[in-house]
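Asker: Structure provided below as structure tokens; questions to follow.
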Amino acid sequence: MKVDVEYLEYMWPMRHFLITCGDISDKANIIPLSFVMPVSRQPPLIAIAVGRTAYSLELILQTGEFVVNVPARDLEKAVYYCGYNSGRDIDKFTETGLTPEPARSIRPPIISECAAHMECKVVNEIETGDKYTFIGEVIEAYADEEIAEGKRDLEYAKGEFPRIIYGTRFMKGK
Ligand SMILES: Cc1cc2nc3c(=O)[nH]c(=O)nc-3n(C[C@H](O)[C@H](O)[C@H](O)COP(=O)(O)O)c2cc1C
């Protein structure tokens with residue numbers, strides 16, 4: 001017998017990324033996203049799907065810029081904290097202790113503690129159901145030297161399924 005399920009749970013585990021948006025000198029914010037995928041090599045393009053109610057949506061619409069920061073496992077606690085709270089109510093950098101650092105070419109900061117960073121400029125936007133999908137062109141991509149040179153492995157953050165956020169449709173009784 002087959003039963004209906006929340007489809008997202010069966011796409012797990014997914015990698016999590018910490019997207020930074022806004023401006024380093026004003027309203028910089030962090031939103032964890034799992035709905036992140038490369039959609040072209042040349043030019044290098046990344047798609048991110050941002051919830052319609054997220055504060056980060058407003059910020060990305062304002063600046064047309066975002067950074068995809070790659071967190072290792074040691075940042076998982078911060079990933080979940082940033083994913084269960086909104087930048088409308090708190091300063092996520094202050095609350096998590098993560099360090100904003102100027103990006104090379106765009107206004108949002110990078111997160112120093114992350115292993116790699118892709119600076120993106122929005123080239124396209126698509127409404128996709130309850131999300132707004134941005135296609136960003138990667139204009140800068142860089143990583144910690146030890147990782148880039150293969151001297152240290154990166155253990156990616158890919159924690160528990162965030163049931164509170166996604167797992168609501170067919171989860172009665174769980
Ligand atoms: C592990 C994890 C993955 C998430 N992935 C997404 C995602 O891909 N898209 C999305 O819209 N929200 C995602 N969220 C939820 C947002 O991070 C959450 O709504 C956040 O509080 C929005 O913050 P903001 O209001 O400061 O923008 C995820 C949350 C967690 C914990």
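None of the figures in this text is laboratory data; all of them are computed from the coordinates on show. Owing to the predicted nature of the structure, the values given are computational and were not obtained by experimental measurement. Neighbour counts are summed over all protein chains in view; Cβ atoms, including those assigned to glycine, are modelled from backbone coordinates with ideal geometry.
Asker: Taking only DSSP H segments of four or more residues, each worth -39500 (n - 2.57), what value at 222 nm results for the chain once the sum is divided by all its residues, to the nearest 500 deg cm²/dmol? The partial results should precede the final answer.
Answerer: Values: 5 runs with 30 residues, N = 174.
Helix-only estimate at 222 nm: -4000 deg cm²/dmol.
Asker: What is the sum of charges, Lys and Arg at +1 and Asp and Glu at -1, for the other residues whose Cβ falls under 12 Å from the Cβ of Leu98?
Answerer: So the surrounding residues net to -3.
Asker: Enter the per residue convex hull volume of region 109-159, computed from alpha-carbon coordinates, in Å³ rounded to the nearest integer.
Answerer: Each residue corresponds to 119 Å³ of Cα convex hull volume.
Asker: So, R0 is 41 Å and r is the distance between the beta-carbons of Lys121 and Asp4; what FRET efficiency does that work out to, to 0.05?
Answerer: Calculated transfer efficiency: 0.55.
Asker: Separate question: Could you go through region 97-114 in sequence order and give the Karplus-derived ³J(HN,Hα) for each residue, using 6.51 cos²θ - 1.76 cosθ + 1.60 with θ = phi - 60°, rounded to whole Hz, and x for Gly and Pro?
Answerer: x, 5, 9, x, 9, x, 6, 6, 10, 10, 6, x, x, 8, 9, 3, 6, 7
Asker: A further question on this structure: For region 16-144, what does the alpha-carbon gyration tensor say about shape, rounded, prolate or oblate, given a ≥ b ≥ c as the root eigenvalues, a/c under 1.5 as rounded, and a/b over b/c as prolate?
Answerer: Verdict is rounded for region 16-144.
Asker: Near the amide H of Val50, under 5 Å away, which other amide H atoms are found, from residues 5 or more places off or on another chain, if H is placed in the peptide plane?
Answerer: Counting only residues 5 or more places away or on other chains, the set is Tyr132, Thr133, Phe134.
Asker: At Arg163 and Ser86, where each label point lies 7 Å from the Cα along Cα→Cβ, what is the point-to-point distance in nanometres?
Answerer: Computed distance between label sites Arg163 and Ser86 equals 2.5 nm.
Asker: Would you work out if region 1-90 is rounded, prolate or oblate? Take a ≥ b ≥ c from the square roots of the eigenvalues of the alpha-carbon gyration tensor; rounded if a/c is under 1.5, else prolate when a/b is larger than b/c, oblate otherwise.
Answerer: Prolate.
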